[in-house]
1. Throw me the Rg/Rh for the stretch 430-520, computed over C-alpha atoms with Kirkwood Rh, two decimals.
2. Would you compute the Debye intensity of the stretch 709-782 from its alpha-carbon atoms alone, equal scatterers and no solvent, and pass along log10 I(q)/I(0) at q = 0.27, 0.28 Å⁻¹ to two decimals?
3. Taking the Cα of Ala492, stepping 7 Å toward and past its beta carbon, and measuring to each backbone N in the stretch 510-553: which are under 12 Å?
4. Say each of Ala815 and Thr771 gets a label point 7 Å from the Cα, pointing the same way as Cα to Cβ; how far apart are those two points in nm?
5. Which whole number of Å³ per residue matches the convex hull of the alpha-carbon atoms in the stretch 649-763?
6. Give the peptides 457-470, 585-598, 731-744, 340-353 in descending order of average Cβ contacts within 10 Å, highest first.
7. What does the accessible area of Thr509 come to, in Å² to the nearest 10, when a probe of 1.4 Å is used?
8. Order Tyr38, Tyr816, Tyr806, most accessible first, counting only protein heavy atoms with a 1.4 angstrom probe.
Amino acid sequence: MDTQTAARSEATAVVFAQISDATFGLSEKDAAARLTAYGPNALRDHGARVWPVLARQLRSPLLLLLFVTAGVSFAVGDQTNAVVIAGILLASVGLGFGNEYRAERASQALHSAIRHTVVVTREGKPRKVDVVQLVPGDLVHLSLGGIVPADLRLLETINLECDEAVLTGESLPVEKDAGPADEQAALADMTSMAWMGTVVHAGAGTGVVVATGAATEFGRIAAGLGERQPETDFQAGLRQFSGLLLKVAIVLTILILVTNILLRRPVIDAVLFSLAIAVGITPQLLPAIVSTSLASGSRQLARRKVLVKRLVCIEDLGDMDVLVTDKTGTLTAGALTFLEAVDPTGESCPKAALMGLLACDVEQTGGTIVGGNPLDTALWQAMPADATAGYSRLGELPFDHTRRMTSVVVKAPDGSHLLVVKGAAESVLAACIDVSTTAQQTLASLYEQGSRVIAVARRVAGAITVPAATDESGLELVGFLVFQDPPKPDAARALRRLSSLGVQVKIATGDSLEVAVRLCSELGLDVGKPLNGTQIDALSDAELTVGVTGCNLFARISPEQKARIIRALRHRGHAVGFLGDGVNDALALHQADIGISVDTATDVAKDAADILLLEKSLDVLADGVAEGRRIFANTIKYVLMGTSSNFGNMFSAAAASGILPFLPMLPSQILLNNVLYDAGQLTIPTDNVDEEQLRRPSHWDISFIRRFMLFFGPLSSLFDFMTFAIMLGPLHAGADLFRSGWFAESLATQSLVIFAIRTRRIPFLRSRPSTPLTVATWAVVAAAASLPLTPLAHLLGFARPPGAFYAALAGMVLAYLVLVELGKKVFFKGEPTTATPRLPRRRHSHSVHRRAARFSVAGPTRPGPSRSH
């Protein structure tokens, strides 16, 4: 027996020795003591930690360049320059650290808001507890769709099957039992154990916790996988953008270095200047800008009842152009009400209500209903507390999404045994004999009224005590249970709002086509050419890819069909979001570009989702889409402004260094210019976004960024050359005065251009920037103009410019902004104002790395696997 198996065996034996009553469970006092002894049932916390964030700042290649530049300056005796560069280095690290740490705090707050609960027996009563509070010895109840919250030794099973792919990679579910445990068996062969992180695929069961947190099999695997998570499309865009800047920086740096060496300038000066150019062309604070935007956005979304598991998923939400969703709770109120029970002729039938109640999977504790689906709960709440008096349940076959039925064997007051089956009307009727035409007509009439309908059937059980799927035949139809789930009052408005955001809504429901069509008609949603599950099965993947375009309603579909629909839409080039809250939605949530669930969803749905809604509302989701696009729009503002103005300034520096007898700007001045400029732009995340930017999906377009850089960069250089002419001509400037003038002009133009670049409209008149951005930008311009006038001028290598220069500077800045406005009209004339079709999207949900990410990010509020892009 290996060490791991021996440890598992010992832990199981210890826990079993501590169980005094397998029906009573632990006392609250014992549970609290064990929580102190064993710790929370968590693999890893999401706390914001100072040192890891600081370490990430210091690993930046750009900061390494600054460090090298400062070291070389100090080594050659230029202590002043070295001190200035070191100060800039500290400022850059401080700004980056401050913003990323705030982002980490925002992420910590989001994770602390996500909760999973599980039903346990304590002091003889079932109750819901947070999974983090589970301790060895707890009696846990497992039901369909639940994630096993800890390693359990099973005590009782009812047709229990668990999907253990997350641990073993096997796609087929494993049958479980409560038989003797073979402690030396392989993990996949231990059928009497349910492992943390696996999913209840069918049936139900009860088990005792034998290991929690890092001591579980899941925890041991997660500990060895590290923190690596697959990148999102947003992160891929950032990486491609960084690659573009790196290429430009390398070319300019080599060009400048070679030019200065050919001009026989000191090699050290040439190297320092080249390094400064390389740093200067790169937006050093881009990570800080992104972190600030995402952290600010996460707080805004949280106030709008939207929680994101990873901050970068916010941009993916803004990229969405198709939403596939169930109708229950999104288009409908989600508060099911039991209306009546009718027999096959449509007449009132109390017997059907009683039979349906007997097949409900609910328990009452102190007046509170524990377990059960919404239909069962609604029926239970509508019936008298003693409605089932005299009946006792002998055995049960729980609901699953293949059979779509629940079966129970009950003992009636007269001592007879009955098999009662309750479920989807079509499935139950298919298992019945002699279904009359009248019954079919009654069902059709109920559907036409928009009702949710459950059928109830029965037969004599004979010797059966625990039903099996093969027993669900030869049934007698008792009647129908009728429920009402009216449309949400704001659903129609929410659909119109999503449409205005360029998001097409498609409904995928397990309900009947007739009910779904009626609801869509009431809400004004065009269903197009609807498809049902049978029709979808008849289509090949290629045919379905064509068919999904004209279809906005998919009815009576299975979990696998939902996933096929998502894949077909993605193959058409759409960014697809899927909103679901049940175990049958997990496959589709994994397939979607952005998985969306609600905080009341099943555990497996919550863990498969990227985003959780605290309110199941399309209006709340529309807020999230708009916020995602706002964040992306502000990030792109910084990217476009930084690449164009930095490229222009550095191109000017390269050209000037080839014609001037001195360096056009000292390395420390270039770096100071860059840090002041970036610091002013940290307020970009607060900026207002034009309405038209929110009306279409947003995504990275590196070719657009490249075109923008090459178009507006030379405009910036044009005014740099005008400054050169003024400084060398009328002002007869020496090296220090030249550098002072260009420093002030370059910083003023590249800072103020944000007001033009941030919008396609006329700035200030038709598009107002935010107050923080306006104040910060003008503060940077004031600093640029005043630094050469301060006592720091000598330390920084500046000279006091004459008053005539400031007059010329004001004129040049005004002319530059006017020219940029004219350039915008030319540049954007050929650019689309709406979203353009895209190629099939890259997907990362089924890779080995993605599985590793699911392990590694499990935290105190989510001890099971977490889906992450």
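1. Details: Rg = 18.7 Å, Rh = 16.3 Å.
Value, to two decimals: 1.15.
2. Ignoring solvent entirely, the Cα scatterers give -1.18, -1.21.
3. 520-525
4. Computed distance between label sites Ala815 and Thr771 equals 3.6 nm.
5. Numbers: hull volume 14.2 nm³, N = 115.
Output value, Cα hull per residue: 123 Å³.
6. On the way: 457-470: 15.1, 585-598: 27.1, 731-744: 20.6, 340-353: 18.0.
Result, highest mean first: 585-598, 731-744, 340-353, 457-470.
7. For Thr509, solvent-accessible area is about 0 Å².
8. Ranking Tyr38, Tyr816, Tyr806 by accessible area, largest first, yields Tyr38, Tyr806, Tyr816.
The values are calculated or read from the model by the stated rules, or taken from the named source; none is laboratory data. Source: prediction; values computed, not measured. A quick note on method: Cβ atoms are made from the backbone with ideal geometry, for glycine too, and the neighbour counts reach across all protein chains shown. Ligands, DNA and RNA are stripped out before the accessible areas are found, and what is left, the full protein with its side chains, is counted by its heavy atoms. Shrake-Rupley method; radii C 1.70, N 1.55, O 1.52, S 1.80 Å.
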